[in-house]
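J.: Quick one: this structure, given as structure tokens, is what I'll be asking you about.
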Amino acid sequence: MLKRIGKGLITLKLEATGELRVIGSVQDVISLWKEGAEGKIAFVEDAGTTTLGPIMPKLAGVVCSSGALGSHLAIVSREFEIPALMGTTLETAEDLDRRQVTIRPDDNGAGLLLLNE
């Protein structure tokens, strides 16, 4: 069952499902790189971040709580053909780290963040 937990602007009309990982520091990126970023969806707060660079090609998707479709992170995600939700508003206070989520485009140019329950 999928539960809507957020909405944002989507960079590509592609769907992605994976384990959400909250990235708050360079150390978080290093840890994810060591364990394997393949198929993960990264959640970051800063749309201008370059921190994801080393793991970006391996990610299934990106969720960012700031930014727009012209933000650095949005542009890079499109270049890697990775769907990203930008300016995402979360509709839950749940701890989402390590939970299975889906990024899904809607018909209005936006995208939804869904929790796989």
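Please treat every number below as a calculation from the coordinates, not as lab data. All of these numbers come straight from a predicted model, not from anything done at the bench. Because the Cβ atoms are built from the backbone with ideal geometry, glycine has one as well, and the counts that use them run over all protein chains shown.
J.: Just to verify a result, which residue in segment 3-48, among those that are farther than 16 Å from residue 76 by Cβ, of a type in the set (A, V, I, L, M) and under 11 Å from the mean Cα position of the chain (by Cα), is surrounded by the most Cβ atoms within 10 Å (Cβ to Cβ)?
T.: The residue in question is 20.
J.: Just to be sure I understand, how many residues within segment 60-89 are over 19 Å from residue 5 (Cβ atoms) and without any contact (Cβ under 8 Å) to a residue 40 or more places away in the chain?
T.: So in segment 60-89, the residues over 19 Å from residue 5 (Cβ atoms) come out as 68-82.
Next cut, without any contact (Cβ under 8 Å) to a residue 40 or more places away in the chain only: 70-73, 75-76, 79-80.
Of the residues in segment 60-89, 8 are over 19 Å from residue 5 (Cβ atoms) and without any contact (Cβ under 8 Å) to a residue 40 or more places away in the chain.
J.: Moving on. Kindly indicate which of 68, 93, 84 is of a type in the set (Gly, Ala, Ser) and within 10 Å of the chain's Cα centre (by Cα).
T.: Working: 68 fails: within 10 Å of the chain's Cα centre (by Cα); 93 fails: within 10 Å of the chain's Cα centre (by Cα).
On inspection, the qualifying residue turns out to be 84.
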